[in-house]
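The values are calculated or read from the model by the stated rules, or taken from the named source; none is laboratory data. Because the structure is predicted, anything quoted here is derived from the model rather than measured. A quick note on method: Cβ atoms are made from the backbone with ideal geometry, for glycine too, and the neighbour counts reach across all protein chains shown. Accessible surface areas use protein heavy atoms only, side chains included; no ligands, DNA or RNA. Shrake-Rupley method; radii C 1.70, N 1.55, O 1.52, S 1.80 Å.
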Amino acid sequence: MLSNNPGPIGVFDSGYGGLTILHGIRQLLPGYDYLYLGDNARAPYGPRSYDVVYEFTRQAVLRLFEMGCHLVILGCNTASAKALRTIQQNDLPKWDAERRVLGVIRPTAEVIGSLTQSRHVGVLATEGTIKSESYKLEIQKLHPDIQVSGVACPFWVPLVEYNEADSPGADYFVKKRIDQMMRLDPQIDAIILGCTHYPLLMPKILKYIPTGVRIIPQGEYVAESLKTYLENHPQIEQRCSKNGEVQYLTTENPEKFKEQAQIFLHESVEVGKITLER
């Protein structure tokens, strides 16, 4: 039985990248409580099938609901692309029709129309997100005139997680994918970073991006979208507890998570361990 008492806003990711989403949300909405869950033991989700990503994400969302969350943000592009819709349509009505799960793709798709003049947009993301074409579908649903091109960046996540984002070796992989993107469509004037790890590569990305091309990380847009959502849905907002506290959970080694969190958040955090069904 799920509790009706106010609880934290849940933020779920397959790994650490969702910490950039959580950071953006906390910057704008610091008064709420947050519960971050990273399924690090089963990351990365990018190469996994739709069925597996859906099942893993479903387990995590249900656990966050059981821990008191009434609203969960999938701070993971792969989970948003491969699992969000099925959870919203199939699972929420069975679990609790009053609870909500939101993703990170639609908020960026909503604002992209005001961020491109050429109406040619690029998406840099993991292989799973690019293959799903979720950004293209979501953007063209809202802005049919925008052309969307996607490029998968398979080495970018390991560069961040192995703390190599500032290394000279990172230049090769970043430049290669940006060059590939611009060859694909030279008219692109805005590129969405469709993976939550990629903002940590921003210095390298800005180094190789052509003049006049705008880079769009997701954090601030997801945060703005959440703020608007809570304003428009007071029945959900009232169920979000407000003590300004954050709790972190991982399915892997808490010490390892703490080290990675330092890279993403530049602060020390306390981390608990949790097990999800396999």
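For the reader, a short list of remarks on this structure follows.
- Any hit, the range 35-43, residues being closer than 19 Å to Leu265 by Cα, in a loop (DSSP other than H, G, I, E, B) and not hydroxyl-bearing (Ser, Thr, Tyr): yes
- Test for Val111: is it within 15 Å of the chain's Cα centre (by Cα) and in contact (Cβ under 8 Å) with a residue 12 or more places away in the chain: no
- Subset of the range 186-210 [surrounded by fewer than 15 Cβ atoms within 10 Å (Cβ to Cβ) and touching a residue at least 24 places away in the same chain (Cβ under 8 Å)]: Gln187, Pro203, Lys207, Tyr208, Pro210
- Candidate set: the range 153-168, residues that are of a type in the set (A, V, I, L, M, F, W, C) and within 16 Å of the chain's Cα centre (by Cα); chosen: the one nearest to Lys131 (Cα to Cα): Cys153
- Criterion applied to Asp171, Asp166, Asp179 was being touching a helix residue (DSSP H, G or I) at 6+ places or on another chain (Cβ under 8 Å), open to solvent by 30 Å² or more (accessible area, probe 1.4 Å) and assigned to a helix (DSSP H, G or I), and the one residue passing it is Asp179.
- Residue check, Ala223 within 30 Å of Glu98 (Cα to Cα), out of contact with any Ser or Thr (no Cβ under 7 Å at 6 or more places or on another chain) and either open to solvent by less than 60 Å² (accessible area, probe 1.4 Å) or in a helix (DSSP H, G or I) (or both): yes
- Failed criterion for Lys256 (all others in (1) in contact (Cβ under 8 Å) with a residue 40 or more places away in the chain; (2) farther than 23 Å from Thr108 by Cβ; (3) buried (at least 17 other Cβ atoms within 10 Å of the Cβ) hold): (3)
- Boolean, Ser149 is touching a strand residue (DSSP E or B) at 6+ places or on another chain (Cβ under 9 Å), surrounded by fewer than 24 Cβ atoms within 10 Å (Cβ to Cβ) and either hydrophobic (A, V, I, L, M, F, W, C) or not in a loop (DSSP other than H, G, I, E, B) (or both): yes
- The residue of the range 1-15 that is farthest from Phe264 (Cα to Cα), among those that are open to solvent by 10 Å² or more (accessible area, probe 1.4 Å) and in contact with a helix residue (DSSP H, G or I) (Cβ under 8 Å, 6 or more places away or on another chain), is Leu2.
- Taking the criterion of being more than 19 Å from Arg106 (Cα to Cα), of a type outside the set (A, V, I, L, M) and either open to solvent by less than 20 Å² (accessible area, probe 1.4 Å) or within 16 Å of the chain's Cα centre (by Cα) (or both), the residues of the range 60-86 that qualify are Phe65, Gly68, Cys69, His70.
- Output for the range 182-208, where each listed residue is over 21 Å from Val222 (Cα atoms) and among the polar types (S, T, N, Q): Gln187
- Residues in the range 59-78 include none that are β-branched (Val, Ile, Thr), part of a helix (DSSP H, G or I) and closer than 18 Å to Ser225 by Cβ.
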